[in-house]
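Structure, as structure tokens:
The values are calculated or read from the model by the stated rules, or taken from the named source; none is laboratory data. All of these numbers come straight from a predicted model, not from anything done at the bench. Here the Cβ positions follow ideal geometry from the backbone for every residue, glycine too, while neighbour counts run over all protein chains shown. To get the accessible areas, we keep the full protein, side chains included, count just its heavy atoms, and leave off ligands, DNA and RNA. Shrake-Rupley method; radii C 1.70, N 1.55, O 1.52, S 1.80 Å.
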Amino acid sequence: MKISSHAVARMLGTWQEGPGPAHQRLSDRLRLLILDGRISLGAALPSERDLGTALGTSRTTVGAAFRTLVEHGYLATQARTRATVRLPGDTAPRQPVRTDAETIDLSFAAPAAPVEILHAAFATALEQLPRHFERHGYDRHGTAELREAVAEWYQRRGLPTRPDHILITNGAQHALALLTRVLLSPRDTVLIDHPTYPHAITTFTQARARLLPVAVGSAAGPSPGSAMGSAGWDTEQLQAAGRVANLAYLIPDFHNPTGMCMSTSVRQRLRLACPTVVDETMTDLALDVPSPEPLALHMPTAISVGSVSKSVWGGLRTGWIRAVPPLLERVAQARPTTDLGTPIVEQLATATLLSEHQTRRSDALQHLRSQRDALRHALTEYLPEVHTLQPVGGVTLWATFREPISSRLAAVAPDHGVTIAAGPRFGVGGAFERNIRLPYTLPPDQLVQGIRRLARAEQALLHGATGTHTPAPIA
Ligand SMILES: Cc1ncc(COP(=O)(O)O)c(C=O)c1O
């Protein structure tokens, strides 16, 4: 399969930012795309010249990046043919399993929309919209309706909050990017949970920050099959790291990817010397434990970010920052270089969803529990050697293989009709090569099917990269 220069350029995104020579950044990015399965094994890359033109860089840079990939076994070249993607140690030509079935995407951790609830919220939003017609519609802080609804969401959680403590963003990721722009300078150090949310890693590294990972979860961990509850955050380690960091980024509520929740005692004791961003994207998804107290209740200087992406629907693209007004003013001032505000209709709909308490619906939580259970049963049945811990909330499960096969498994999985997120995406320095993150946001039958396909991919990998046996056709 040939892959066009424009498709590769799109996948590479902002590869030019970051330290080191351009050819090295390019080869690193291409290697990650291959290991993530986003550029399929066996795919023929565009010529050096075409890719150079699409990327606005020289043919020499692309040539040097390709040579590095060839040296490390990620590309095969032959005279007068396009370079093809392979894995180190993979000597035979690829024979992808043929399937007409649609690929099951286990790399995305987000639920489908609750259709009727969204219809009702948008109908209300459209009725309210004319209130805003007299003004221009640009508001860097967000509408009064949504700022009030978010402030009330915090009040219900026991954290006194006024609307002027809230700035509305286009999702939690946007909130994180805005805070990074305001709070970080090149070469600053950011304390992160390890593992953590991959787009946070990219956001900080693109701002040229250095990462200071602090492990979440003990090395031994709770016994297999037990719940991922309060284990995880080490107060002393966090505080020591906080003394040298310029910023901390924590996901204490149903952590992505492990599903762990920081215990109340750690919340009460934790004092970090640096500004701390608390990601509360998963807060409303408590499955087995009571909803956690906001970390800002114990750490009043904490800057919180949140959204309705996981509790309702990511397509709303609506989130927020909770902080003191002077910091929010700095964020608002920094905003116009990338955006001039959040769409009004989405804000009005989100305000209705929050004020009608639609972010903690018992039916949605029950669905998530049964999907999580289906995923865990499928793992026990089809991948029994994989070790998992029961996530107590959130939408993802962190699975551990016996062998360090995660990146190679992610690379071959699409051949078997499933995509996954490899463990190293959630860490730094190549860590988590034995882990993969599995979301339970799809219906149970698709989760079971996805795990069956993953088990076949693992078999193919362990019996030789191209499969020395004929895998059963994908059902
Ligand atoms: C921990 C965490 N933070 C932030 C985000 C981004 O959320 P949003 O869709 O609101 O931008 C995600 C999405 O996966 C997430 O898992």
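Using only side-chain charges placed at the Cβ, +1 for Lys and Arg and -1 for Asp and Glu, the dipole size of the chain relative to its Cα centre rounds to 1280 debye.
Projected label points at Gln206 and Glu356, each 7 Å from Cα along the beta carbon direction, are separated by 3.5 nanometres. Between Arg330 and Arg187, residue separation times 0.36 nm minus the direct Cα-Cα distance comes to 49.4 nm. Comparing Ile3, Gly430, Ala64 along the charge dipole axis of the chain, the residue lying farthest to the positive side is Ala64, per the Cβ-charge model.
Figure legend: label point modelled 7 angstrom from the Cα of Ala240 along Cα→Cβ; no residues of the stretch 258-288 have amide N under 11 Å from it.
Here's the picture: charge each Lys and Arg Cβ at +1 and each Asp and Glu Cβ at -1 in the chain, and of Gly315, Leu118, Ala200 the one pushed furthest to the positive end of that dipole is Ala200. Short to long, the 10 Å bins of the Cα pair-distance histogram for the stretch 354-461 hold 15, 45, 27, 10, 2, 0 percent of all pairs.
Assuming R0 = 60 Å, can you tell me the calculated FRET efficiency for the pair Ala215 and Tyr138, based on Cβ-Cβ distance, to the nearest 0.05? With R0 = 60 Å, the Cβ-Cβ based efficiency is 0.85. Charged side chains reduced to their Cβ positions (Lys and Arg at +1, Asp and Glu at -1) give the stretch 5-85 a dipole of some 160 debye around its Cα centre. Once the Cβ-Cβ distance of His377 and Gln155 is raised to the sixth power relative to R0 = 45 Å, the FRET efficiency obtained is 0.70. Taking the 1.4 Å solvent-accessible surface of the chain as the whole, the part contributed by carbon and sulfur is 52%. Counting only DSSP H runs of at least 4 residues, each contributing -39500 (n - 2.57), and dividing by the residue count of the chain, the helix-based mean residue ellipticity at 222 nm comes to -11500 deg cm²/dmol.
Label-to-label distance for His199 and Arg67 is 3.7 nm, based on points extended 7 Å past Cα in the beta-carbon direction.
Accessible surface area normalised per residue over the stretch 238-309 is 28 Å², counting heavy atoms of protein chains with a 1.4 Å rolling probe. Each part gets one Cα centre, and for the stretch 10-77 versus the stretch 173-187 those centres are 27 Å apart. Using the Cα centre of the chain as origin and beta-carbon charges of +1 (Lys, Arg) and -1 (Asp, Glu), tell me which of Leu442, Val277, Phe133 is placed farthest towards the positive end of the dipole. Comparing the listed Cα positions along the dipole, Val277 ranks first. The dipole here belongs to the stretch 115-359: it is taken about the Cα centre, uses +1 on the Cβ of Lys and Arg and -1 on the Cβ of Asp and Glu, and is about 820 debye. Against the chain, whose longest principal axis is taken from its Cα atoms, helix 144-156 shows a tilt of about 90°. Once both labels are positioned 7 Å from their Cα atoms along Cα-to-Cβ, the gap between Asp28 and Arg80 label points is 3.8 nm. Ligands, DNA and RNA are left out, and with a 1.4 angstrom probe the accessible area of the stretch 358-404 is 44 Å² per residue.
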